[in-house]
Each structure stands twice: as structure tokens, then as C-alpha cells.
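Comments concern the structure below.
No value in this document is a laboratory result; all are computed from the given coordinates. Predicted model only: the values in this text are computed from it and were never measured. Note that we place each Cβ from the backbone using ideal geometry, even for glycine, and neighbour counts take in every protein chain shown.
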Amino acid sequence: MPGKLKVKIVAGRHLPVMDRASDLTDAFVEVKFGNTTFKTDVYLKSLNPQWNSEWFKFEVDDEDLQDEPLQITVLDHDTYSANDAIGKVYIDIDPLLYSEAATVISGWFPIYDTIHGIRGEINVIVKVDLFNDLNRFRQSSCGVKFFCTTSIPKCYRAVIIHGFVEELVVNEDPEYQWIDRIRTPRASNEARQRLISLMSGELQRKIGLKVLEMRGNAVVGYLQCFDLEGESGLVVRAIGTACTLDKLSSPAAFLPACNSPSKEMKEIPFNEDPNPNTHSSGPSTPLKNQTYSFSPSKSYSRQSSSSDTDLSLTPKTGMGSGSAGKEGGPFKALLRQQTQSALEQREFPFFTLTAFPPGFLVHVGGVVSARSVKLLDRIHNPDEPETRDAWWAEIRQEIKSHAKALGCHAVVGYSESTSICEEVCILSASGTAAVLNPRFLQDGTLEGCLEQRLEENLPVGCGFCHIPYDELNMPFPAHLTYCYNCRKQKVPDVLFTTIDLPTDATVVGKGCLIQARLCRLKKKAQAEANATAISNLLPFMEYEVHTQLMNKLKLKGMNALFGLRIQITVGENMLMGLASATGVYLAALPTPGGIQIAGKTPNDGSYEQHISHMQKKINDTIAKNKELYEINPPETSEELIGSPIPEPRQHSRLLRSQSESSDEVTELDLSHGKKDAFVLEIDDTDALEDVHSLLTDVPPPPGFYSCNTEIMPGINNWTSEIQMFTSVRVTRLSSLNLTNQALNKNFNDLCENLLKSLYFKLRSMIPCCLCHVNFTVSLPEDELIQVTVTAVAITFDKNQALQTTKTHVEKSLQRASTDNEELLQFPLELCSDSIPSHPFPPAKEHLESASSNSGIPAAQRDRCSSWIELIKLKAQTIRRGSIKTTVTVEKASPMGEGNFRNRSAPPCANSTVGVVKMTPLSFIPGAKITKYLGIINMFFIRETTSLREEGGVSGFLHAFIAEVFAMVRAHVAALGGNAVVSYIMKQCVFMENPNKNQAQCLINVSGDAVVFVRESDLEVVSTQHPTANCQPLCAGGEVTT
Amino acid sequence: MTSELDIFVGNTTLIDEDVYRLWLDGYSVSDAVALRVRSGILEQTGATAAVLQSDTMDHYRTFHMLERLLHAPPKLLHQLIFQIPPSRQALLIERYYAFDEAFVREVLGKKLSKGTKKDLDDISTKTGITLKSCRRQFDNFKRVFKVVEEMRGSLVDNIQQHFLLSDRLSRDYAAIVFFANNRFETGKKKLQYLSFGDFAFCAELMIQNWTLGAVGEAPTDPDSQVDDMDVDLDKEFLQDLKELKVLVADKDLLDLHKSLVCTTLRGKLTVFSEMEANFKNLSRGLVNVAAKLTHNKDVRDLFVDLVEKFVEPCRSDHWPLADVRLFLNQYSASVHSLDGFRHQALWDRYMGTLRGCLLRLYHD
């Protein structure tokens, strides 16, 4: 019996009136955990009862501690009839089960009722005493930390990244049990909420066990989802990345990050950098830079010794990928043989992370995805969820083989999703094929060839773009050129990935949100016929989504997509595809060609005129976009790079498949292969419509940027003002004569209008960027489309933004003469023409690339060093004798944790409610996360039988979402936190029946509860940590002295 | 294609001040949209009318949800559903409880009952303020009244504590509550020239000097029924005011009083002769007003009487305000020199307040 749970019920407030006669309430509380229930006394006639109960003690297994939620029910005592329930609070006590997180849960929780919503609040204190468990065969996994964040959490260091963990549990859905016919909606909803809470507890425990088996201590990028399969049951599944994390305990270790609202700077200056020389490259010269670039290979020697048998087989020279190509065959064979290899050992070398420690990601192959259409059947035995397991295993196998085909041994930014309509279910998985640095993986041994590649990869900032696959034996036709950054390796013309932009990537200008939207009508059908129809449509959907993405990317003048997420939603009579990604211009990749329009019937004069008109419009748009996103890539000389490898040009970078219909869509050829220009043929209405839709996408109003990744490339001066929001729209389609075109237009308008509304609503935050824009589409009924958007708006400092613009402008001025729209279409000729008149000598260019190589743009480095100076200045003033006695006390405690904790509670004038920030990002701009308090994973159901009275569907859902936010905030505050990071609304299932005046909604949210400290506060703290803490800092920043 | 559902929920509740004002002013969503379009917001932001419509609806919904909390402002501070920065909370409350001058003049001194509420239609037509806004303002008056009516202690403090209003607004509400409780007549035609500010000024003086709370000591008897110390006039004091009657009833006293005033003011007033001629009338008016205050009916007519008996006669003789001030000062001060008059303290308590009121009421 390894744990004791203690609960105290303190008080209630704002309770609803339960007794009409007295306008008061006689409230008491039931506290339930597992099968044990305690009750408080009845507090008579009050809406603000003060129970101040004794400590209720539950003695329980830690297995139960993990699975069960603490259930607190507030009731109104009634002498003559049954007691009326006021509402409930479920508290997940998991955060109390590991030492580093919260020690106590204490605070005001909203009392929630599935029919009435929030009805007052209750003050509760929860503690857990854990006894050490020495049982080797234990079923619990207490102590394993869970993070929703898809990168290594900010105050931790990854010792080993073990890899993929997954689990799923199934059960019958209480909503569909026979008993549901006789119980009240409230009882049914509560049964469901409780079951899901139990199942996710169980799931988390099981995943934790797997992590312990792998000798890890944490799960990062934990993503848990529910599949409401209706009649056939309820599936709760989760994936994550097992890691061994080390807490960064010295304040110096976290101090560096605090100057940087931008993530780019967070890791680079100090964390990554064991040798202090790095920074001594004050005015960066190519020479010094080289010394830097070799330093990461320290680990190389160590590892190569362990795999020396393979060395003979690996390519000796890593300079040209041509040589790599020659040995491509053996290389692949080798990979297969290497059962010893850390990754091959694993069943699925997948990582749910989207951002990585520096040096982890070596090469990126491209997006891999797999979909499969399944018919749901009743889950007969909940204890053996084999069918569902088998389905997923099948899909993962496919992803793995796709990755292999791209010459990659791993998949990063991996995610899984489902879309269910009646008995048909589409399972989807996608990720980015990649080659990883084995240094971070368990057993750290990978073949020498990989290390060879690592060495090739030395120029930071472009390495990940270099193709990992064998050039002569490419998995798909692609257009390769030498890297525009290092000029040694081959790169593709465009790159699609599901991950965040690597922090060291060199990007030109700013990024933008790019979406492809698509609808396809489908005949209503039953069972297998339906599944077949869907799987027949899927390849075409994927293909068109991909074409749209490519077109829009070109139109923006960009060459890479990050954070790509393609969602295919199935409805009764249609399929919807929505792809979102952040487009950027990677300096390492070639300048994208324009879009050329070609007509099939060139005889008709007016038709040609029309085409040339369109062409002009497109060219104008491209030019405008380049200006808008400040895309002025540095001049490159084509001679150095050499002519592109003659290869049938194809734009597809996606490798797809459907398990029921395995036709490879990649075979379809659309391009004309005329230089880089991307040709659109408008020979039918479809294509015409495509072109139109291209041009109807309105750019965000001035002062606004948007992206679906963590941070916006090109903006790094965030202020601390953030606003997280959720917006939901449901649109009814007119059912008359629906065509694909009309549908597409409707859907497109819906998304565009939604974005426009967001821009309008947030106009007071200008200049501002919408980050992590996450669209979810569902088709709740025949003619209904529901779009849910969650994102965070972050303001940035305009003045500093202007400065960066200026440098861009300067750059662009130097090449202004060549910057015209023709260039966009024929970059090769014009570039080579312009070489003689090139304004600056190659040396200068060298310098520029060198500075970008180090991963820190000059401007940022300046900021960085000036910041160090600031800190040092402060430290010095203290050394000069202003140290007070309190300072010495501070010094004695190594962390001053308590100090932070106090600080973290923001002073809120005459309000008892502390502010809790919520953000889908993994960081809070202008602040430093000092502690992770545990995962928040909540599931709520809300139902109403008085829809009109509650303000219709909008009023109902608006109130419910506000309540969900409130409950998340209350839980975080009770844990002692002041923010939720990596917040995500995973599900928002809304059903209505206006005729019956009813509606129901299910919402599932998750995130990481954290404590953060404002940087301004932190600076004060840092001055209070005198010499001892500044010492390492000074060592790291020798440059500045 | 129609939007069935369209919502936006921020972690920090977005409050648009302009839309809040339109909502408070009682405009429907479509009217509000039209007004916003007219303000030129579409041109400024490049938004479409549909966007504006959706935005307005959203804000209206938020305000509607907040309204319940605004009825008890401390709840707004402690609730967990809407995360609103304290400065915004204060703004929401202050604006919600703000009222229109035109409206308050219509209901000031009226019983805050259902009957009055039924008249809101007429008030709305008369003032041009939407019925919805009238209702909100009326309900605010009534709500504040109900909460503080029976409460002990300072009226202003009570209002401030229970409704978290600014000092200025709390004082205004104190006046409204005080007038509603004493049912002072303010609607007569001859009182139309007076602003709410004039009445509020008088109310404050009266609360400070004429109520039980003004005496400065709580009733010693714990079972005492006089709980509402600041809201009700001091009955005992009103009773005692009868004693002042001697000032006009006793001919010698009246003459002596007149001669004292005239001696001092001779040469100092531009309207000296008019004053001299009118002294007895004016004095009779002021003292009779005091003596009549024992009857509730006459209390209600206090302002009518003051205007009729003092303001109008002076105004018809074109007294400048400075002269009125000089006269009133001398008029009250001279009583101290009347040896036969024993109620000096009572006189000061009465006249001190009345002088302040009269000076404020004396304008065109």
C-alpha cells in the first residue's frame, strides 16, 4: 500500500440557490476516491459555506493513484427527498506523484455540472504521501514525467532520447450502453467523463511503464486522443517520445535563455556550447567560424570506435553526394543489416518531437504519410484491443517503409489522427523522414556512414536540407541542385516537413501561413461500399491538396513548408481536406520559379489575352508577396552551383499511400519541366478555378503575420502581450445542387472569413503575429461544416522589427537592379548575367554565409552580447559593495525556488484571482519557465435542454468554452502555476438538435502547467545571485570583456 | 451559406469599449453594426460588413454573459470564468453603472417601483434614450437602493464597497438613493432648470448634516429601529425645526433680525433696497419651510418651496449671486446676535445646509 491521499474541503462560494423558499442552500460535500467515500457536515443556509473539514485520508495503491481521479461532489441536503447534486470537481492527482512537480494542490475549483455548467466554486487542499515502492514487478509508473510540449522542456536537458511509445485502451461508451436508456442525461455524461478520466489515467500509467522499461524518466510530446466510435466503443490512444531528462538546476543554466523572447536564441548562445571559444568569434571571420563548426564532432570519435567494423564499408569522402550515390546500394543494404543500430532495433523509430536539441537533426527527407480506411466493428473484448492495435501497427509499418525509401532511418514530428463518420474510420499518420544524430539516442551507435554524413553536415543552417536519399536511385523524381549555402551537398528545390523550423536554419524574410482547402462530394453509401468510395477518393484529395500547397508556396515566393498538417475529414456525403503549414524561404534551397500559365487552345485570341492577363496578375502577386514577406535572398552565382542535374522535374515531395487502394499518386505528372517555372494548364474549369482560388487568398492586413509553427521566422522581438483564443464556426451548406466547385468555394470562404474575423478582433494588438494557428475541420452532420481554430496572438516590438527590415532593405538595394518580375521566372539566366555587375566581392559573401553558419545572425549576436554586458554590469555593481544581508541568504539557497514561486503570483489589485496565461506554444515570450508542474488533460461534456434560453448554439458553446478555459486555469492555479504551455484543444465535438431545443458538446484539452517568471523580474533576481552565479556566464561570454 | 454558429473566446476576455458603449446604450446588434459602419471602421481596418456583424454579435454575447456578474460587481472580481485585467473590470463596472443626465432627472425622487418602471416607455420617448438603456439605468438605481437602503454606516462607503464604483459615481448614487428614499419632488416645471448636479450637491449637504448619521453617534439603543442612518432625515431634528418659527412669529425678533442684517449690508449690496423691502417675505419663506418639514408631504416639496419662496423672488429682482451669498451669510450669522433666540445650534444645522443648497440652486 504505497500511498496516502489526503483531502481537505475548506469552503465554497457563489453557490447556486437550491432552496427557492429561503433563497439559500444547505450544502455538503462528498469526497470519493476509488471505492471510498467521505462526507463533510451539512453547512446550513449559506451560499458561501465554510466546511473547514478534517483531513480525509485514502490509503491506496499507487496504481490507483495514477488511474483514478479524485471526485468531489457538492450536494444540497434535503431532509425529505433525495439530495440534489450541485456539481462536481474532478482532480487529476498525477502531478503530485513525481517529486519535481507540484507538492500540493490547493485552491478554488469551479464546481461543474454537465447540465448547468459552472455553479460556484469550492476550495480544496489535496496532498499525497508516497512510500517507496521496491517491487520490481510493479504495475504503476509513478515518477515518469509527462509533457505535451513537443520539444525538450525548457528547464531540462535531454540525456538520451529513447524513442516512440504508444498505447491504446478501449472500452464500451457509456452513452451507448443499455442503461443509458433509463438514466438521466446528467448521469450518463458523468459516467462518460469518469470513464474517460479513468482510461486516460490507465493509459498514462501503461505508457509510463514502457518508459521505465526503456530506462527513461519522461515522455515528451505526449499526445492523447479519443476516438468516439459510437456503437463500437470508445478508444483512448496516446503516443509520445520517451526520454531521459536531466533538470538544469543551476540558475546560470537558465539565465541565458531569459533574454530571448525568440526561440532561436534560446539554446544557441550557451546551452549547446561547451567550449567557450565559440563566442570569441566576435567579428565573425570565416576562419574562426570553421573552428567552431568542427567542434560538434567531438562525439564522433567516441562513437566511431564502437562501430569500427562498418567503417570500411562507408564512403570515404563526404564531399560530393555523387560518391554517396555510387555507394547508395551498399549503403542501403548496410542499413538493413545493421540490426545492432539503435534505431533499427526499435520497432518504430518515430519521434513526436517537432523541435530538437541542436545537432540532433542531421538531414530531412520530406513528409511521409499513410492513411487507411477501416470499417468499425464492436469491440468485443475491451481487455484485448488487438484490432485497433493492429490497424495502427500497419500504418506505422507503412510510414517506416516510406521513410526508408527516402533514405531515412527515423521519422520526426510524427503524429496520428482519425476521422470517424458512422462506421467508417480514416486512420492517418504523418511525419517527416529524417536522419538523426545518434549521439542522443540510446546505445549511441550508428553506422559510420551516418557519422560521415554528420561530418558533411558541418555548415550549420543548411545541413538538414541536404538530401538523405541516394541521388541516382531517388524514391521519386526530384529536381536537385547544390546547396545554396555550403555548395557542397545536393538539396531539393522544395522541402515539406511536419516539424518546426530548426533553430539554426537560415531563413530569408518572414514566413506565412499557407493553407490548402478542398472538398469532394461523395455518394452516400453503406459499410464496405462507403469505405471503398472513400479510399478511391483519397489519392485524388491528397494530390490536389498537395498541388494547392505547392501553388500557394510558389505564389508566396517561398521554397519550404514547416509544420505541415494535412487533415482529411470524412462526412456522410463529402470528404474535406485541409492542409496548414508555414511557408518560409530557406536560404539553402534554390529560389522558387514563378508560376506559368499555359492554355491548351492557343488559337483563340481573346483566350490568350485572358491567359496573359492572368499571368500578369500572378506575377504581380508573387512580386507583392516577396515584398510583403521581405524575401530578398542574397545574390547567388549559378556558376558555382553548376547546372541542375537533368532529371524529370516533379513537384511531389509527399509519399503517400492508402492501404485499401495502394495506387501511388506520385506517378501523376503535372509539371512541364521548363526551367524552374511551375506550369499551370488551364484547359478546363477545374484549373481555372484553381487559379482563381490562388488569387483570392487575401494577405493578412498590415501589421499582421500568421504561422502554424511555434515561432515566426524573421520576427524575434516578441513582447510579453499574448492572447490565446479559440474560435468556432459552423456553417450550413445549402443542400441544393451541391457541386465540388461550390463546396470548395464555400469552404474556402469559411476559412478566409474566419481568418479575417480574427485579424479584425485582434487589431488592437498590432503589430502582432498569430502563432501556432491550428485549424480543425469536422462534419458533424449532412450539411454542416465545423471549423475550430486555436492560436495565440503575440505582439512584437515594431521598432526592432523595423531595424531588421532595414537591413533587409539594404541587402535588397544591393541587388535592386536585378529584382524584377522576369527574374522570378527565369532566375538562372538573369543571375548569371548579373554576375559581372555583382556589387560585392565573393569574400564578402563568404562572410555573410559564415555568419549565418554559426546560426546566429549578426543582429541577434549583438543583442546577445549586449545582454551579457548588462548582466555583468549588474553583477559588478553588486560586487562593488551593494550586497545586502538578504543577498547572502539568496546565495545560500542554490535555486531560490521559493523566491520564484512568490514572484510568480502576479500582484492583482483587489482581486483574489491570479492571472493564468494559456498558450499553444512551448514558451512564454518575455518570460522564463522555471518549473513544470505536470500535465493537464481534461475532458468535459456539456449538455442542455434549453438551448434557446442559453442564447442558442453560439451562446451555449461560447459559455462552455469559457468555462473550459476557467477550469483549466483553476487547476493550474491550484497546482501553484501561472501558465499553461503547449495547450491544445484536441477535440470539440458539437451536436445540436434545435427542434428539441437540445445541444451537446464534448471538449478535450491538454497542456503543461508551468511556473514562469517575467524576465524583468528575473533580472532583479539575477542581480541578487551575485558572483557565484555570474561566473559561468562570464566564462561563456568572454567576448564582451 | 449561413453561419449557424460563430464564436470567439479568448483566454483574456476581449472588451471593445466602443461596442460596450453601444450595448449599454441599448442598441440592437443590427443598429450597432450600422453605427459602427458609419464610424468608418471598415475603411480603417479593411474589414467587411460580415466581419463586423460577427464581431458585434460576439461582443454582445460576452456582455450579456457578463451582465449577470455586473449586477453584483464583487462577483466579477472573484469569478473564474472570464479572465479580465483589473483595470478593464473597473471600466466595465463604472460604465455599466453610469447613467444619462436626462434619464436621471426624470426619475430622481420618484419611488423606484414597478409603477415608475412602467413609465419608462414615456421617458424613453421623451429623452431619446433607448428603452433598454432606460431599463438598465432604472434597474441599477433600484438595485443599489435595495442593497444599501437598510444598511448602516456611510451611504457613499456602502455603495462603494458593494458596487466598487468610483468615488464620484458613488456620491451620485448616494444622492439618487437619498432622493428616492425621501421622494423629493424634482419634476415640477419650475424645477426643470436644475441639473442633477444641483440636486446631488444638495443631497450631499443634507446627508452630511440632516440625517441621523450626521449627528455622529450611533443610536445607543441596540433595538433602535433607526438603522438607515444616512438615508433617512433625522426625524427629531425635523421636529425641532418648528422651534425656529419664533423668528418670524415674534414681530420684535423679526424686526431686530432685519435691522441687524440691513445695518451690516448697507452699501454692500447692489440690490439693497429690494432686499430691505423683501426681507420679511424671504425670512418668512425660509423659516416656514423649516417649520413645515415635520410633514412628509412638505419634505417632498422642499425644493419646490425653496425655489418658490426664495429663488424666484430674488431672481425676479435680479439679485446677483454675490449678493445672494452676502445676504444669506449675514442672514444666518445675525441670528446669533438675537438674544431672545435660544435655538442657535438648531439654526446653524438648518441654515448651514440650506445656505449651501440655495446658493447652488440660484442660477438661471
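In what sequence, highest mean first, do A:505-511, B:349-355, A:566-572 appear when ranked by Cβ atoms within 10 angstrom? Working shown, then result.
Working: A:505-511: 25.4, B:349-355: 20.1, A:566-572: 21.7.
With the highest mean Cβ count within 10 Å placed first, the list reads A:505-511, A:566-572, B:349-355.
Would you mind counting up the charge near residue B:90? Only other residues with Cβ under 14 Å from its Cβ, with Lys and Arg at +1 and Asp and Glu at -1.
Net local charge, residue B:90 excluded: 0.
Taking a ≥ b ≥ c as the square roots of the eigenvalues of the Cα gyration tensor of segment B:235-361, is the shape rounded (a/c under 1.5), prolate (a/b larger than b/c) or oblate? Before the final figure, lay out each step's value.
On the way: a/c = 1.85, a/b = 1.23, b/c = 1.51.
The shape class here is oblate.
Quick one: which of A:751-761, A:576-586, A:606-616 comes out on top by average Cβ neighbours within 10 Å, and what's the full order, highest first?
The peptides rank, most packed first, as A:576-586, A:751-761, A:606-616.
Can you give the calculated 222 nm mean residue ellipticity of chain B, where each DSSP H run of n ≥ 4 adds -39,500 (n - 2.57) and the sum is split over every residue, rounded to the nearest 500 deg cm²/dmol?
-19500 deg cm²/dmol
Which value in nm describes the separation of the simple spin-label points at residue A:19 and residue A:949, placed 7 Å from the Cα toward the beta carbon?
It is 2.3 nm.
For residue B:281 and residue B:183, what does the FRET efficiency come to when R0 = 30 Å and r is the distance between their Cβ atoms, rounded to the nearest 0.05?
Working from the Cβ atoms, E equals 0.60.
Which whole number gives the average, over all residues in B:69-80, of C-beta atoms from other chains lying within 10 Å of the residue C-beta?
Per residue, the average neighbour count from other chains is 4.
Would you tell me the mean number of C-beta atoms belonging to other protein chains that fall within 10 Å of each C-beta in A:722-733, as a whole number?
If you average over the peptide's residues, the count of other-chain Cβ atoms is 5.
Residues of A:784-791, mean number of Cβ from any other protein chain within 10 Å of their own Cβ, rounded to a whole number?
Numbers: counts 2, 2, 2, 0, 1, 1, 1, 0.
The per-residue average across the peptide is 1.
I need the semi-axes of the equivalent ellipsoid of segment B:17-85: take the C-alpha gyration tensor, multiply each eigenvalue by 5, square-root it, list largest first in whole angstrom. Write down the numbers at each step before the final one.
Numbers: eigenvalues 141, 30, 18 Å².
After scaling each eigenvalue by five and taking roots: 27, 12, 9 Å.
Would you mind computing, in nm to one decimal, how far apart the modelled labels at residue B:239 and residue B:208 are, each placed 7 Å from Cα along Cα→Cβ?
The answer from the label model is 2.8 nm.
Using only Cα atoms, find the angle between the long axis of helix B:196-210 and the longest principal axis of chain B, and express it within 0 to 90 degrees, rounded to the nearest 10.
60
With the Cα gyration tensor of chain B giving a ≥ b ≥ c as the square roots of its eigenvalues, does the rule (a/c under 1.5 for rounded; else a/b larger than b/c for prolate; else oblate) give rounded, prolate or oblate?
Verdict is prolate for chain B.
Return, ordered by residue number, the residues of segment A:514-538 whose backbone nitrogen is under 16 Å from a label point located 7 Å along Cα→Cβ of residue A:749.
Within reach of a label on residue A:749, which here means backbone N under 16 Å from a point 7 Å along Cα→Cβ, segment A:514-538 contributes A:518-519.
Within segment A:733-767, which residues have the backbone N less than 14 Å from the label spot 7 Å out from residue B:42 along Cα→beta-carbon, could you tell me?
none
So for the pair residue B:113, residue A:995, with labels modelled 7 Å out along Cα→Cβ, what separation do we get in nm?
5.0
Cα-Cα over 20 Å: which of A:6/A:145; A:145/A:247; B:110/B:188; A:6/A:154?
From A:6/A:145; A:145/A:247; B:110/B:188; A:6/A:154, over 20 Å: A:6/A:145; A:6/A:154.
Give the calculated FRET efficiency between residue B:100 and residue B:146 to the nearest 0.05, with a Förster radius of 22 Å applied to their Cβ-Cβ distance.
0.55
Cβ neighbours within 10 Å, averaged per peptide: list A:142-154, B:101-113 in order, most packed at the top. Please report the intermediate quantities before stating the final value.
Numbers: A:142-154: 24.8, B:101-113: 18.5.
Packing proxy ranking, top to bottom: A:142-154, B:101-113.
Rounded, prolate or oblate: which fits segment B:83-180 when a ≥ b ≥ c are the square roots of the eigenvalues of the alpha-carbon gyration tensor, with rounded for a/c under 1.5 and prolate only if a/b beats b/c?
Verdict is oblate for segment B:83-180.
What list do you get for B:341, A:351 if you sort them by fewest beta carbons within 10 Å?
Lowest to highest Cβ neighbour count: B:341, A:351.
Which FRET efficiency value, to the nearest 0.05, do you get for residue A:393 and residue A:4 by plugging their Cβ-Cβ distance into 1/(1 + (r/R0)^6) with R0 = 45 Å? The partial results should precede the final answer.
Details: r = 40 Å, r/R0 = 0.89.
Plugging the Cβ-Cβ distance into 1/(1 + (r/R0)^6) gives 0.65.
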